[in-house]
Amino acid sequence: MPFTANDPKRKTWLNTPAETDFPIQNIPFGVFLTRDDIITIGTRIGDYAIDLGALHQLGYFKDIDLTDDIFLQDTLNDFISDGRKTWRLVRNRISDIFLKDNPTLRDNLEHRSNILFDIEETEMQLPVNVGDYTDFYASKEHATNVGSLFRGPENALLPNWLHIPIGYHGRSSSIIPSGTPIRRPIGQSKPGDDGIPGFGPSKLLDFELEMAFITTDTNDLGKRVTIDEAEDYIFGLVLFNDWSARDIQAWEYVPLGPFLGKSFASTISTWIVTLDALEPFRIQGPKQDPTPLPYLQQGKNKNFDIKMQVAIQPENDVVTVVSNSNFKYMYWSMAQQLTHHTVNGCNVRSGDMMGSGTISGPTKDSYGSMLELSWRGQNPVYLKNGVERKFINDYDTVIMRAFGEKDGLRIGFGECSGKVLPAKE
Ligand code: CA
C-alpha cells in the first residue's frame, strides 16, 4: 500500500507554523484530554489536536474496517493491534481530509468545531498502556564510554556486546508522559571505609537520551520473528528519557543488572511518530564487525537519520543545549532488537515498548548522558548562566527534542521534558 500521506508536496488547509515538527506528512498518534474533559485518541497537524473519535463518528472513516469505538478509548493498544494495513489506511485518510483542496471538512464549520482543538487546550496522556518495557544498550559509543569509566578502556566492551543486542527487562508502571515532574529517588549507594552502605537521595541523578519503539502483537509464545518481517510489527517511536541514578545503579547492578537506579521514572514524548512517517530518513547503520549471526543479518538502511538533542533549564533560567546526537549512531537496529527479543520464543504484545539505550555519538558534545558529558563528574558541563552541572540538580528541567529533516521536510517528535523535584524523605 502506498504511503500517500508521506508525499512531500502535500499541503494542508490548516494554518501551520513554518518550522513545525508536525506537518501534514507526520500524522502521529496520541491520546489527549479535550477542553470538555473527554479522553480521545487523536492526531496532530501544526498546533491543532485532531479528535479521531469525533472524525470517526461523523463518518470520515466509514469505508475502513474499524470498530465503532476504536478511537473512543484511553489508549492506542487496540488500534495498534489492528495492524500495519489499518494504520496506513487511517493515516492516508487523515492526510486526505486535511489536504488543501479537499473541501469536505474544510468547508464544514460545524464538523470543524467538533474535531479541531488548539493544542494548548488539550492535556496529553500516555498514548499506550505499556504492558512490558525492555531497555537495550545499543549504542557502541555509549557502551564503550560507560565501560571505560567503570572498567577502563582495555575492557570497555565486554565480549558479548558485538554479538548480542544487550537488554534488560525494565519497569512499565513508572513510564510517564512529557511534562510530568519526577521525584529525586532515594536509595542505597556504595559503602565507604566503614563498610556500611550510604542511604539517602541520589547524588548522581542523570538522564539517558533514547528512542523507544512501540510494537503491535508480534508473535505467539514459542514462535519467533524473522529479521525480514520485524519492522512490520513496529507501530512507531517516541523520545525516551530513561532517568538513571548512577550512585544507586553502581552499587546494585552486580550481578543481575539495573534495578532501582532505573525504575523510578522514564519520561516519553506523547505523540507516537509512525515508522511509516520516518521512511524518508532511512540510512545505513554503522558497519557491524564481526558479522552478526545469520538470524540477525539484515538488509540495507535499517537505521534512521534523526537529530536528537538534550537541554537543561534550571528553574526560572535560560535553556542550555548540552548534547546533540543522532539516532543513526545506534549499532543494533530496531529490527535486530525485536528479532533478538523473540528468538527464544518470548511473545511481544501490542503496546510493548523497547528503549534503544542511550544514543551517544562519536564526539564529546554528542554524548547522551551526564555520566559521559561530565566524564563521571571530572569535566563539569557549563550552562549559559555560568553555573556548572556534573549531574542533574533539583528543580532542573531536562528537555529532549528530535526530528528528521530532508529536502525541506521536517518530521519531529515534539518535546520530552521533565522537572526534577527534591526527594521526599
Ligand atoms: Ca537506558
* Asked: If you check every pair at least six apart or on different chains, which have Cβ atoms under 8 Å apart with a residue in region 108-131 that is in contact (Cβ under 8 Å) with a residue 12 or more places away in the chain first and a residue that is of a type in the set (D, E, K, R) and open to solvent by 50 Å² or more (accessible area, probe 1.4 Å) second?
  -> F117/R35; D118/D47; I119/D47; E120/D47; E121/R35; T122/R35; Q125/D74; G131/R349
* Asked: Can you spot a residue in region 146-160 that is at pLDDT 95 or above, among the hydrophobic types (A, V, I, L, M, F, W, C) and surrounded by fewer than 22 Cβ atoms within 10 Å (Cβ to Cβ)?
  -> no
* Structure fact -> All conditions in (1) modelled with pLDDT under 95; (2) open to solvent by 10 Å² or more (accessible area, probe 1.4 Å); (3) touching a helix residue (DSSP H, G or I) at 6+ places or on another chain (Cβ under 8 Å); (4) part of a helix (DSSP H, G or I) are true of H111 except (1)
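Conditions tested, residue by residue: (1) assigned to a strand (DSSP E or B); (2) free of Cβ contacts under 8 Å to residues at least 60 places away in the same chain; (3) within 17 Å of the chain's Cα centre (by Cα).
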site: D228; (1), (2), (3): no, no, no
site: L239; (1), (2), (3): yes, no, yes
site: T267; (1), (2), (3): yes, no, yes
site: T270; (1), (2), (3): no, no, yes
site: E279; (1), (2), (3): no, no, yes
* **The one condition in (1) within 20 Å of D232 (Cβ to Cβ); (2) open to solvent by less than 10 Å² (accessible area, probe 1.4 Å) that N301 fails to fulfil** => (2)
* Structure fact -> Taking region 367-398 and keeping residues open to solvent by 10 Å² or more (accessible area, probe 1.4 Å), touching a Gly at 6+ places or on another chain (Cβ under 9 Å) and assigned to a loop (DSSP other than H, G, I, E, B) leaves Y367, K390, F391
* Condition met for Y60 (open to solvent by 60 Å² or more (accessible area, probe 1.4 Å) and among the aromatic types (F, W, Y)) -> no
* Asked: In region 205-236, how many are within 15 Å of the ligand (Cβ to nearest atom) and either surrounded by fewer than 17 Cβ atoms within 10 Å (Cβ to Cβ) or aliphatic (A, V, I, L, M) (or both)?
  -> 4
* For residues that are small (G, A, S) and surrounded by fewer than 20 Cβ atoms within 10 Å (Cβ to Cβ), tally how many sit in region 340-360. => 1
* Asked: Would region 317-339 turn up any residue that is under 20 Å from the mean Cα position of the chain (by Cα), within 16 Å of the ligand (Cβ to nearest atom), open to solvent by 40 Å² or more (accessible area, probe 1.4 Å) and under 22 Å from P290 (Cα atoms)?
  -> yes
* Asked: Is it the case that region 184-191 has a residue that's outside any strand (DSSP E or B), more than 16 Å from the ligand (Cβ to nearest atom) and among the polar types (S, T, N, Q)?
  -> no
* Structure fact -> Going through region 237-267 in order, the residues found to be open to solvent by 60 Å² or more (accessible area, probe 1.4 Å) and out of contact with any strand residue (DSSP E or B) (no Cβ under 7 Å at 6 or more places or on another chain) are Y253, V254, P255, L256, F259
* Asked: Does region 118-141 include one or more residues that are away from the ligand (no atom under 16 Å from the Cβ), farther than 30 Å from M330 by Cα, open to solvent by less than 40 Å² (accessible area, probe 1.4 Å) and at pLDDT 95 or above?
  -> yes
* **Candidate set from region 411-425 (those that are open to solvent by less than 50 Å² (accessible area, probe 1.4 Å) and under 17 Å from the mean Cα position of the chain (by Cα)); member that is farthest from D206 (Cα to Cα)** => I411
* To do: Would you confirm whether any residue within region 162-177 is within 15 Å of the ligand (Cβ to nearest atom), over 20 Å from L205 (Cα atoms), out of contact with any His (no Cβ under 6 Å at 6 or more places or on another chain) and among the hydrophobic types (A, V, I, L, M, F, W, C)?
  => yes
* Filter result (in contact with a strand residue (DSSP E or B) (Cβ under 8 Å, 6 or more places away or on another chain) and among the hydrophobic types (A, V, I, L, M, F, W, C)) within region 157-174 -> I166
* So how many residues does region 273-291 have that are open to solvent by less than 10 Å² (accessible area, probe 1.4 Å) and under 29 Å from W161 (Cβ atoms)? -> 4
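The values are calculated or read from the model by the stated rules, or taken from the named source; none is laboratory data. All of these numbers come straight from a predicted model, not from anything done at the bench. Glycine gets a Cβ as well: all are built from the backbone with ideal geometry, and neighbour counts include every protein chain shown. These accessible areas exclude ligands, DNA and RNA; they are computed on the full protein's heavy atoms, side chains included. Shrake-Rupley method; radii C 1.70, N 1.55, O 1.52, S 1.80 Å.
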